[in-house]
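Undergrad: Here it is, the structure in full.
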Amino acid sequence: ERSRGATLALMAHTACKTIQEGDPEVSEAIDFARYYGWCTNAIEARVASGLSFRPDGVVIVAAPWNFPFAIPAGGVLAALAAGNAVLLKPAPEVAAVGHELAQQLWRAGVPRDLVQFIACPDDEVGQRLITHEAVDTVVLTGGLETAQLFRSWKPSIRILAETSGKNALIITAAADEDAAIRDLVRSAFGHAGQKCSAASLAIIEASVYDDPAFQRRLADAV
């Protein structure tokens, strides 16, 4: 929370994030920190009651460029809460944002040998990192092709992957048309459309679609 301004400035500089779109990303990372802190306490309570618990070991968080702060924060904090050591590998385009996240965690008291920051290109060096025998799990946010590439490198890899999709927004005759138009345009073109949840298709009931006034208002909004 105390580093919000510096984080926003860095995202604007490296990823061209607008303040309006970057600010919720910082808030999401804060929510992750609170939630996974609670999870850690819950796990410890269960272990104290006699349940066994075994972390994976070493987890790589391979983070994307389009949400350079919230997504890596979620991956790193989840892995920590589950008792793992973490290697944070951000996308090369936004390595500075990943480094800022690592510094914030270190300043908060997370040991440097528990969360390590690795800036490397997406070439044979990155391949060596992803396939290293000491790595137990890879957390990936990126394209489906990237997940498939990782598995082709190492068929036995344990990978938790959130990959790209194609998303539709459905508008029926019962919808508030002004709200629907606003939501469709924001989903399709917010973040320059560079997010996995962007609406790339609108499915519109015929009575709405055939209304020239609706089409005109949608075109004006776009």
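The values are calculated or read from the model by the stated rules, or taken from the named source; none is laboratory data. Please read all numbers here as calculations on a predicted model, not as lab measurements. Counting neighbours? That spans all protein chains shown, and the Cβs are built from the backbone with ideal geometry, glycine included. SASA here: full protein model, heavy atoms, side chains in, ligands and nucleic acids out. Shrake-Rupley method; radii C 1.70, N 1.55, O 1.52, S 1.80 Å.
Undergrad: What is the range 31-160's relative contact order, in percent, from Cα pairs under 8 angstrom and six or more apart in sequence? The partial results should precede the final answer.
TA: Working: 179 pairs, mean separation 34.2, N = 130.
Worked out over the range 31-160, it gives 26 percent.
Undergrad: Given a 1.4 Å probe and heavy atoms of the protein chains only, how would you sort R54, R182, largest accessible area at the top? Numbers along the way, then the final one.
TA: Details: R54 195, R182 120 Å².
Ranked from most to least accessible, the order is R54, R182.
Undergrad: Have a look at V138, V47, V94 and tell me which one the Gaussian network model of the chain (Cα, springs below 10 Å) gives the largest fluctuation.
TA: Between V138, V47, V94, it is V47 that shows the largest mean-square fluctuation.
Undergrad: Which distance in nm do the two modelled labels at R182 and T131 give, with both placed 7 Å along the Cα-to-Cβ direction?
TA: So the two model labels end up 5.1 nm from each other.
Undergrad: Counting other Cβ atoms within 10 Å, keep those with at most 11, restrict to DSSP loop, and tell me which GluC sites (Glu not before Pro) in the range 122-154 are left. Write out the running numbers ahead of the final one.
TA: On the way: sites: E124, E133, E145; in loops: E133.
Here the GluC sites (Glu not before Pro) that fit, given the DSSP loop and packing criteria, are E133.
Undergrad: Something else now. Between (i) 18.0, 62; (ii) 20.5, 66; (iii) 17.6, 52, which entry matches Rg and Dmax of the Cα atoms in Å as derived from the coordinates of this structure?
TA: It is the one labelled (ii).
Undergrad: Sort 100-111, 75-86 by the packing proxy (mean of other Cβ within 10 Å over each peptide's residues), most packed first.
TA: Those peptides, ordered most packed to least, come out 75-86, 100-111.
Undergrad: Taking K and R as +1 and D and E as -1, what net charge do the other residues with C-beta under 13 Å from the C-beta of V208 add up to? Mind showing how you got there, number by number?
TA: Working: positive: R216, R217; negative: D176, E177, D178, E205, D210, D211.
Net charge in that neighbourhood comes out at -4.
Undergrad: Further question: Let me spell out the model: positive unit charges on the Cβ of Lys and Arg, negative unit charges on the Cβ of Asp and Glu, origin at the Cα centre of the chain. What dipole size does that give, in debye rounded to 20?
TA: Working: 19 positive and 26 negative charges, 136 e Å.
Dipole magnitude for the chain comes out near 660 debye.
Undergrad: For K154, what residues show an amide H to amide H distance below 5 Å, using hydrogens built from the backbone and excluding near sequence neighbours?
TA: Those qualifying (amide H under 5 Å, at least 5 residues apart or on another chain) number zero.
Undergrad: Measuring from centroid to centroid over Cα atoms, what is the spacing of the range 121-168 and the range 40-63 in Å?
TA: Value for the Cα centre distance between the two parts: 23 Å.
Undergrad: Another question about this same structure. Cα axis of helix 144-153 to longest principal axis of the chain: angle in degrees, 0 to 90, nearest 10?
TA: Value to nearest ten degrees: 30.
Undergrad: May I ask you to derive the FRET efficiency for Q194 and E44 from their Cβ-Cβ distance with R0 = 41 Å, giving the value to the nearest 0.05? Don't skip to the end; give the middle numbers.
TA: Working: r = 38 Å, r/R0 = 0.94.
For R0 = 41 Å, the calculated efficiency reads 0.60.
Undergrad: Between S164 and A12, what is the spin-label point distance in nm, taking each point 7 Å from the Cα along the Cα→C-beta axis?
TA: 2.9
Undergrad: Any idea what angle helix 95-107 forms with the longest principal axis of the chain, computed on alpha-carbon atoms, 0 to 90 degrees, nearest 10?
TA: The answer is roughly 50 degrees.
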